[in-house]
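Below is one structure, written out as structure tokens; comments come after it.
The values are calculated or read from the model by the stated rules, or taken from the named source; none is laboratory data. Just so you know, these numbers come straight off a predicted model, no measurement behind them. Note: ideal-geometry Cβ built from the backbone for every residue, glycine included; neighbour counts use all protein chains shown. Surface accessibility is based on the protein's heavy atoms, side chains included, excluding ligands, DNA and RNA. Shrake-Rupley method; radii C 1.70, N 1.55, O 1.52, S 1.80 Å.
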Protein chains: 2
Amino acid sequence: MKMIINEPLPGNAECADSLKNVLDALYVLSGKWKLALILCLVQSPKRFNEIQHAVTGISAKILAKELKDLELNDFIKRNVYPTTPVSIIYEATEYSQTLKNVMGELSAWGQQHREKVKQSMRKQS
Amino acid sequence: MKMIINEPLPGNAECADSLKNVLDALYVLSGKWKLALILCLVQSPKRFNEIQHAVTGISAKILAKELKDLELNDFIKRNVYPTTPVSIIYEATEYSQTLKNVMGELSAWGQQHREKVKQSMRKQS
């Protein structure tokens with residue numbers, strides 16, 4: 001057993017590379033909300049309250065913090081319009097669009113995962 | 001502006017569905033490490049120390065907690081072999097394999113993101 005595991009695997013460098021890439025991606029995207037918030041704003045620009053309504057379960061405090069983080073990392077833009085009272089509209093940047101494939105795959109997996117959870121709950125009951 | 005945003009968008013239900021899927025996925029996968037740990041073990045089964053070595057920056061305490069979480073959620077298996085001293089080998093379950101596309105897209109994006117960060121650092125210096 002020891003021998004097999006300690007042997008250098010073919011394509012080990014490639015494995016290390018993809019692991020490094022995933023770690024880099026998670027460094028900016030990790031957390032329970034970031035990708036969902038980006039997806040929410042890629043779908044359409046929204047006001048703070050509209051985002052909170054769409055992303056079920058997020059508190060106003062966390063949402064404010066996450067939006068600030070996302071703005072700092074160039075994923076979203078905060079537009080202030082001089083209406084009375086002022087309108088503040090959040091929108092996804094072009095850079096957020098580069099995450100479309102990631103969000104697509106995550107959405108497909110999430111749907112499949114929900115089915116699996118439902119099935120195992122049925123089995124238990 | 002107000003009018004456009006409040007109008008129901010075509011395909012809004014679809015948008016809400018994919019948002020819900022992503023939220024469900026992030027519910028089990030969120031955090032800075034989970035997807036990287038799954039990828040690390042999908043590549044090959046490993047001992048605790050080997051995982052810590054491969055996933056740069058994770059502390060032993062956090063790694064132990066994350067491995068327990070992943071085991072509970074059926075993403076990894078902890079195998080104990082009665083050698084002296086006992087060998088404990090972590091391996092990815094079949095269910096982890098369903099995340100291959102997600103990890104592939106995340107890896108591709110992470111690589112692209114690192115290039116972007118490098119470029120903007122070059123511009124600043």
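Odds and ends about this structure:
- Backbone amide hydrogens, once placed in the peptide plane, bring A:Thr98 within less than 5 Å of nothing, excluding anything fewer than 5 places away on its chain.
- Between the stretch B:91-105 and the stretch B:34-61, the C-alpha centres lie 14 angstrom from each other.
- Over the residues of chain A, the helix contribution to mean residue ellipticity at 222 nm works out to -20000 deg cm²/dmol, using -39500 (n - 2.57) for each DSSP H run of at least 4.
- About the Cα centre, charge dipole magnitude for the protein assembly as shown (Lys/Arg +1, Asp/Glu -1 at Cβ), debye: 620
- Under a 5 Å amide H cut-off, with hydrogens placed 1.01 Å from N, A:Ser87 pairs with A:Tyr81 among residues at least 5 apart or on other chains.
- Summed over both chains, the contact between A and B buries some 4900 Å² of accessible surface at a probe radius of 1.4 Å.
- Whether the stretch B:28-79 is rounded, prolate or oblate, judged on the alpha carbon gyration tensor where a/c under 1.5 counts as rounded: rounded
- Cα-based values for chain A, radius of gyration first and Dmax second, are 19.7, 72 Å.
- In the protein assembly as shown, the portion of solvent-accessible area held by carbon and sulfur atoms comes to 55 percent [1.4 Å probe, whole percent, DNA, RNA and ligands not counted].
- For peptide B:96-106, the mean count of partner chain Cβ atoms within 10 Å of a residue's Cβ comes to 6.
- Each Lys and Arg Cβ is given +1 and each Asp and Glu Cβ -1; about its Cα centre, chain B then shows a dipole of about 720 debye.
- Mean sequence separation of contacting Cα pairs (under 8 Å, at least six apart), scaled by the length of chain A, corresponds to a relative contact order of 21 percent.
- Computed over protein heavy atoms with a 1.4 Å probe, the accessible surface of the protein assembly as shown works out to 60 Å² per residue.
- Per-residue mean of C-beta atoms belonging to partner chains within 10 Å, peptide A:29-38: 5
- Per residue of A:46-56, other chain Cβ atoms within 10 Å of the residue Cβ number 2 on average.
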